[in-house]
Amino acid sequence: MPSFDIVSEVDNVELRNAVDQANREVGNRFDFKGSDARIEIAEGNALTVFADDDFKLGQVYDVLIAKMAKRNVDVRSLSRGQVEKISGDKVKQVITVRSGVDKDLAKRIVKLIKDSKLKLQGSIQGDSVRVSGAKKDSLQEAMGLVRSEVKDYPLQFSNFRD
């Protein structure tokens, strides 16, 4: 029976390269001279952005977004946390890199497929959604439907089988 998986993944190598390039640019820019602006990668796909104030924090984030876009890393996978004050006037912000389809989105996708009247079955399997059906054409219709309805989360379609 033909099937495919709906997943949400981020290429960690490209993410690390984008962070390295952003740090290099921040280190070379004139408006960041003498400041402690940087991006660090923590365990579990979390980024921490450090800066002297909120404005510079936003500038560092903009540089990161530009570098990620150039390296084809989907910026919709980033989830910004609260801005925290640390020693003195310095601030930091934790940015979580979302990977995997969370439960609420998976339920929404399965409901979307069932409501579409296509002869398909959707099942949640961990952090992915498997869609199976009798015809490849209906699977491709389901891909188009999911692409058009879910715009706020980066999704990829993998493991397509005949």
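The values are calculated or read from the model by the stated rules, or taken from the named source; none is laboratory data. Predicted, not measured: the structure shown is a model, and the values here were computed from it. Because the Cβ atoms are built from the backbone with ideal geometry, glycine has one as well, and the counts that use them run over all protein chains shown.
Key figures for this structure:
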{"read-out": "Members of segment 76-88 that are in contact with a strand residue (DSSP E or B) (Cβ under 7 Å, 6 or more places away or on another chain) and closer than 27 Å to Leu145 by Cα", "value": "Ser77, Leu78, Ser79"}
{"read-out": "Lys119 under 23 Å from Ile41 (Cβ atoms), free of Cβ contacts under 8 Å to residues at least 24 places away in the same chain, exposed (fewer than 12 other Cβ atoms within 10 Å of the Cβ) and not small (Gly, Ala, Ser)", "value": "no"}
{"read-out": "Identity of the residue in segment 125-150, at pLDDT 90 or above and basic (Lys, Arg), that ends up surrounded by the fewest Cβ atoms within 10 Å (Cβ to Cβ)", "value": "Arg147"}
{"read-out": "Inter-residue pairs, beta-carbon under 9 Å, first over 24 Å from Lys85 (Cβ atoms) and in segment 16-39, second outside any helix (DSSP H, G or I) and of a type in the set (D, E, K, R), 6+ apart", "value": "Asn17/Arg71; Ala18/Arg71; Gln21/Arg71"}
{"read-out": "Lone qualifier among Asp20, Asp62, Asp5, Asp11 - being over 17 Å from Leu78 (Cβ atoms) and of a type in the set (Asp, Glu)", "value": "Asp5"}
{"read-out": "Options Val150, Val146, Val131, Val97; residue that is free of Cβ contacts under 8 Å to residues at least 60 places away in the same chain and either of a type in the set (A, V, I, L, M, F, W, C) or in contact with a Lys or Arg (Cβ under 8 Å, 6 or more places away or on another chain) (or both)", "value": "Val150"}
{"read-out": "Matching option when the condition is touching a strand residue (DSSP E or B) at 6+ places or on another chain (Cβ under 7 Å), under 30 Å from Asp137 (Cα atoms), modelled with pLDDT under 95 and crowded, with 17+ Cβ neighbours inside 10 Å, among Val73, Val110, Val26, Val91", "value": "Val110"}
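Residues checked against (1) touching a strand residue (DSSP E or B) at 6+ places or on another chain (Cβ under 6 Å); (2) outside the structural domain of Ala37 (by TED's automatic domain parsing); (3) not in a loop (DSSP other than H, G, I, E, B):
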position: Ile124; (1), (2), (3): no, yes, yes
position: Leu139; (1), (2), (3): yes, yes, yes
position: Ser148; (1), (2), (3): no, yes, yes
position: Pro154; (1), (2), (3): no, yes, no
